[in-house]
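Here is the structure we will look at.
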Amino acid sequence: MGDPEPVLVLLSGLPGAGKTTFAKALCRSKQWRHIESDAVRAALFPRREYTSAENARVFGDVERKARKALEAGEHAVVDATNLTQADRKRFLRLADRLDARVIAVRLTVPARTSLERLAKPRHGFAEGDRVVFEQMEPRARPFRLASIVIDTRFPIAAAVALVRRLAENGEDE
């Protein structure tokens, strides 16, 4: 059996759900590429405004980075809210064009937990707060494809191991 085909891991979750923490745990190996939309946005826009034009540029760049990772034989982990089918569509089309498998992962916690996390000082690029959470919460929809749902109030090591195993062993397992 040769090297596994690259996989697109598509994360979804509200602010404070633990997407970046999960992605970083998953990407502790050189064969995994973490593509964080908040980091892409910060690199492109020193002063962020979250306009439609800004979002289009950010997610165009996220898609380009995911494509490059997959074409290089790496697993691409797209770390963004991806709350609706419309948000996910470009990444699902990308995987289809490249004949890459998709592992859909929905990170979740109760709203109270997200809000508690968002109220604390945060490290990294994420800027979501209570207002952003409350604006996004009504938009959240489950995946239409089979997905793994992870409650990040609990240790994530087993879920990380599951996603790694699915990616490395392919769909025949």
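The values are calculated or read from the model by the stated rules, or taken from the named source; none is laboratory data. The model shown is predicted, which means the values in this text are computed figures rather than measured ones. Note: ideal-geometry Cβ built from the backbone for every residue, glycine included; neighbour counts use all protein chains shown.
Out of the residues in the range 44-71 that are at pLDDT 95 or above and exposed (fewer than 14 other Cβ atoms within 10 Å of the Cβ), which is farthest from Pro6 (Cα to Cα)? It comes out as Gly60. Number of residues in the range 89-135 that are modelled with pLDDT of 95 or more and among the aromatic types (Phe, Trp, Tyr) equals 1.
Counting only residues that are under 13 Å from Thr108 (Cβ atoms) and of a type in the set (Asp, Glu), which one in the range 136-173 is modelled with the highest pLDDT? Checking each candidate, the answer is Asp151. Set side by side, the residues Leu14, Leu92 differ, and just one is out of contact with any helix residue (DSSP H, G or I) (no Cβ under 7 Å at 6 or more places or on another chain) and in contact (Cβ under 8 Å) with a residue 40 or more places away in the chain, which is Leu92. The set of residues in the range 17-37 that are touching a residue at least 12 places away in the same chain (Cβ under 8 Å) and part of a helix (DSSP H, G or I) comprises Lys19, Thr20, Thr21, Phe22, Ala23, Ala25, Leu26, Ser37. If you take the residues of the range 14-29 that are on the phi < 0 side of the Ramachandran plot and small (Gly, Ala, Ser), which of them is modelled with the lowest pLDDT? The qualifying residue modelled with the lowest pLDDT is Ser29. Out of curiosity, is Lys68 without any contact (Cβ under 8 Å) to a residue 12 or more places away in the chain, of a type in the set (D, E, K, R) and either in contact with a strand residue (DSSP E or B) (Cβ under 9 Å, 6 or more places away or on another chain) or within 23 Å of Leu166 (Cβ to Cβ) (or both)? Taking the combined requirement at face value, the residue satisfies it.
Please work out which residue is surrounded by the most Cβ atoms within 10 Å (Cβ to Cβ), limiting yourself to the range 109-144 and to residues that are among the polar types (S, T, N, Q) and touching a residue at least 60 places away in the same chain (Cβ under 8 Å).
Ser114
Give the residue that is nearest to Cys27 (Cα to Cα), with candidates limited to residues of the range 59-98 that are β-branched (Val, Ile, Thr) and in contact with a Leu (Cβ under 8 Å, 6 or more places away or on another chain). Write out each step before concluding.
Keep residues of the range 59-98 that are β-branched (Val, Ile, Thr), which gives 62, 77-78, 81, 84.
Restricting the remaining residues to those that are in contact with a Leu (Cβ under 8 Å, 6 or more places away or on another chain) gives 77-78, 81.
Numbers: Val77: 8, Val78: 11, Thr81: 18 Å.
Among residues in the range 59-98 that are β-branched (Val, Ile, Thr) and in contact with a Leu (Cβ under 8 Å, 6 or more places away or on another chain), the one nearest to Cys27 (Cα to Cα) is Val77.
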